[in-house]
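Asker: Quick one: the structure is below, and I'll ask about it shortly.
The values are calculated or read from the model by the stated rules, or taken from the named source; none is laboratory data. Since the model is a prediction, treat every value here as computed from it, not as a measurement. Reconstructed Cβ throughout: ideal geometry from the backbone, glycine too, with neighbour counts over all protein chains shown. Note: accessible area is taken over every heavy atom of the protein model, side chains too, but ligands, DNA and RNA are not part of it. Shrake-Rupley method; radii C 1.70, N 1.55, O 1.52, S 1.80 Å.
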Amino acid sequence: DPVREREAVTYAIQVKNQGDFEPVSGTVTVTFSDSIKPIAVGGDAQGTINGQTVTFPRTTLEPGKDTNLSITAEGASIGPGRAVMNFSADFLNDPIINQEATNVY
């Protein structure tokens with residue numbers, strides 16, 4: 001969805017452990033392009049902001065349950081923006097990647 005420059009927008013992230021037996025731990029990292037600036041984090045796990053990157057380290061996913069995370073960001077400069085989420089864990093050979101486009105006007 002489009003967002004105005006200096007206007008806040010919230011990115012809701014839902015990660016689910018589709019297994020039935022064991023909890024799994026992983027790291028959720030979201031990197032924003034320069035036109036979108038992360039300003040706050042929330043949800044079921046503690047996150048940190050370091051420049052354009054938000055990290056939720058060692059997020060535990062209980063079997064069959066969702067973990068809900070949120071990032072509040074603002075339009076920093078006019079143009080196309082992108083948020084790229086990576087979920088990595090020891091049991092994955094490659095991270096799970098998802099992208100969201102946001103146009104700043």
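Asker: Determine whether Thr27 is modelled with pLDDT of 95 or more, open to solvent by less than 80 Å² (accessible area, probe 1.4 Å) and in contact with a Lys or Arg (Cβ under 8 Å, 6 or more places away or on another chain).
Answerer: yes
Asker: Quick one: would you say Asp1 is at pLDDT below 95 and touching a Pro at 6+ places or on another chain (Cβ under 6 Å)? Talk me through it step by step, then tell me what you get.
Answerer: Values: at pLDDT below 95: yes; touching a Pro at 6+ places or on another chain (Cβ under 6 Å): no.
Answer is no for this residue.
Asker: Could you list, in sequence order, the residues of the range 55-102 that are within 12 Å of Ile36 (Cα to Cα) and under 15 Å from the mean Cα position of the chain (by Cα)?
Answerer: Residues satisfying the conditions are Ile71, Thr72, Ala73, Glu74, Gly81, Arg82, Ala83, Val84, Glu100, Ala101, Thr102.
Asker: Can you tell me which residue is most open to solvent (accessible area, probe 1.4 Å) among those in the range 52-105 that are assigned to a strand (DSSP E or B) and at positive phi?
Answerer: The qualifying residue most open to solvent (accessible area, probe 1.4 Å) is Arg58.
Asker: Next question, about the same structure. Residue by residue through the range 1-24, note down the ones that are of a type outside the set (Val, Ile, Thr), open to solvent by 70 Å² or more (accessible area, probe 1.4 Å), in a strand (DSSP E or B) and under 16 Å from Ile71 (Cβ atoms).
Answerer: Matches in the range 1-24: Ala12, Gln14.
Asker: Next question, about the same structure. Can you tell me which residue in the range 30-51 is most open to solvent (accessible area, probe 1.4 Å), limited to those that are assigned to a loop (DSSP other than H, G, I, E, B) and of a type in the set (S, T, N, Q)?
Answerer: Gln46
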